[in-house]
Amino acid sequence: MTGARAPAGEFRDAFGRAPEVVARAPGRVEFIGNHTDYNGGTVLGGSIDRSVRVALALRTDGLRRFRSDRSDQFVELRAADGGKVSGGGSWVNYALGVLDSMRDFGVRAPGGFDFLATSDLPIGAGLSSSAAMELASGLAFLGATGQSLPRESLVGLCKQAENRFVGVPCGILDQAVSGFGRKDHLVLIDCRGPRFSTVPLPPGAHFWIFNTHTKHELVDGLYAARHRECMEAARALGVGLLADIGPAELARRMAASPVPHAERARHVVEEIARVDAAVAALKAGDLAATGPLLTASHRSSQSLFGNSTPELDFLVDALSAMPHVFGARLTGGGFGGAVMALTGPGFDAAMAEIPAGAFEKKFGARPDVLHLLTADGAEIVNRPM
Ligand code: GLA
């Protein structure tokens, strides 16, 4: 999609004038730390070289006109309108959620505007196009009105938009990685603070994404159900959040008396320990030691957390048997979506064809294959006027 690179020209075509601000926010891979964020744990993610761009210019008549490069339709609303949009225009809810949360973070929402979103980030692949839309919208709204926010607040605002307006009880991973990403680094989030830092990615690390285009039809409900199960397990264990208990103590308590949702709790608690081990391996520059932690994370999703699918398992099985692959796992919420492989530079498109072709033979549909690198986090790209 060329529009992701040149939204100013497309903006002119759509609205007949130049944008006042263009902002860009990347998607992310969840490197390791599956469903740990809302449990107060740690998680590692990488911002990727695929992003959403928002070009925007203010209007004085209170009209809000939205357009994206995926449709010729305008979504037109009034600044005074409240509530969510349904149907084909529902993608604007991410931007509306940001507008809805601005006052809570001490900034003013713009009234009317023309808004164009362009993207080269696949939707529904577990690469957080929604968080990228929120971050790019947030920066564009702030930039066009001459305001700014500390990065922590912008990330918190976008998370609130997703939780409160869109209605998904997600943790902070997606928004934080898009907001704090740095080329050649991973973002480490200690979700309790939350505290954000970066860990250098050893040279020669490559990401390959295999998007299965499968998505469980109840994915939002299943995510919310896992969230609830984790909270119930924590309550029964007498802790505020599952991150408050370590693997050894959890095993001891599980042996002493039954714990509800014990397998979910075990996944989360052991996954947090795997994140810590991955940080140590990365700091030592050891991709060969990092990879098996990723694959172990997937196995835990498969057998304990119940958020994998036969399609994702098939790809992980195929990839982990291949040369130059350090490890592979589902990335993101699960219940469909994509598998991420961490590879060395020797892995190439011809090799990626092997698991992709085998997948097509078995499931009758081709996965999309993407070779990704890390990129910097969300930013204002330019103010063309
Ligand atoms: C989705 C959510 C994140 C996180 C992951 C699972 O991507 O948006 O907050 O919970 O699932 O780790």
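Every read-out reported here was derived from the displayed coordinates using simple, explicitly stated rules and does not represent laboratory data. These numbers come from a predicted model, not from an experiment.
The calculated 222 nm mean residue ellipticity attributable to helices in the chain amounts to -12000 deg cm²/dmol, summing -39500 (n - 2.57) over DSSP H runs of n ≥ 4 and dividing by all residues.
Find the eigenvalues of the gyration tensor of the Cα atoms of the chain, then list the square roots of 5 times those eigenvalues as equivalent ellipsoid semi-axes, largest first, in whole angstrom.
Values: eigenvalues 243, 119, 71 Å².
Taking √(5λ) for each eigenvalue gives 35, 24, 19 Å, largest first.
So if each residue of separation counts as 0.36 nm, and I subtract the Cα-Cα distance between Glu152 and Ser257, what length gain in nm does that give? Each step should come with its number before you reach the end.
Numbers: separation 105, 0.36 × 105 = 37.80 nm, distance 4.05 nm.
Extending this stretch completely gives an extra 33.8 nm.
Each Cα pair under 8 Å and six or more residues apart adds its sequence gap; the mean of these over the residue count of the chain is a relative contact order of 24 percent.
From the Kirkwood radius over Cα pairs of the stretch 206-372, Stokes-Einstein at 37 °C and 0.692 mPa s returns a whole-number translational diffusion coefficient of 194 µm²/s. The reciprocal of the average 1/r between distinct C-alpha atoms defines the Kirkwood hydrodynamic radius, which for the stretch 278-385 equals 15.2 Å. For the stretch 81-169, a Kirkwood hydrodynamic radius built from all Cα pairs, placed in the Stokes-Einstein relation at 37 °C and 0.692 mPa s, yields a translational diffusion coefficient of 247 µm²/s.
What percent does the relative contact order of the stretch 206-372 come to when contacts are Cα pairs within less than 8 Å and at least six residues apart? Across the stretch 206-372, relative contact order equals 32 percent.
Taking the square root of 5 times each eigenvalue of the Cα gyration tensor, what semi-axes in Å does the equivalent ellipsoid of the stretch 266-325 have, largest first?
Values: eigenvalues 84, 59, 5 Å².
Semi-axis lengths for the stretch 266-325 are 20, 17, 5 Å.
The GNM of the chain, with springs linking C-alpha atoms under 10 angstrom apart, assigns the highest mean-square fluctuation among Met340, Met231, Met133 to Met231.
Comparing Val339, Val166, Val75 in a Gaussian network model of the chain, where Cα atoms under 10 Å apart are tied by springs, the biggest mean-square fluctuation is seen for Val75.
The convex hull built on the alpha-carbon positions of the stretch 1-100 has an orientation-averaged projected area of 8.3 nm².
Quick one: of Lys283/Lys361; Lys183/Lys362; Lys159/Lys362; Lys84/Lys183; Lys159/Lys283; Lys84/Lys215, which pairs are farther than 31 Å apart, Cα to Cα? Lys283/Lys361; Lys183/Lys362; Lys159/Lys362; Lys84/Lys183, as the Cα separations exceed 31 Å there.
How high is the relative contact order of the stretch 67-212, given as a whole-number percent (alpha carbon pairs under 8 Å, six or more residues apart)?
Details: 157 pairs, mean separation 30.6, N = 146.
This gives 21 percent for the stretch 67-212.
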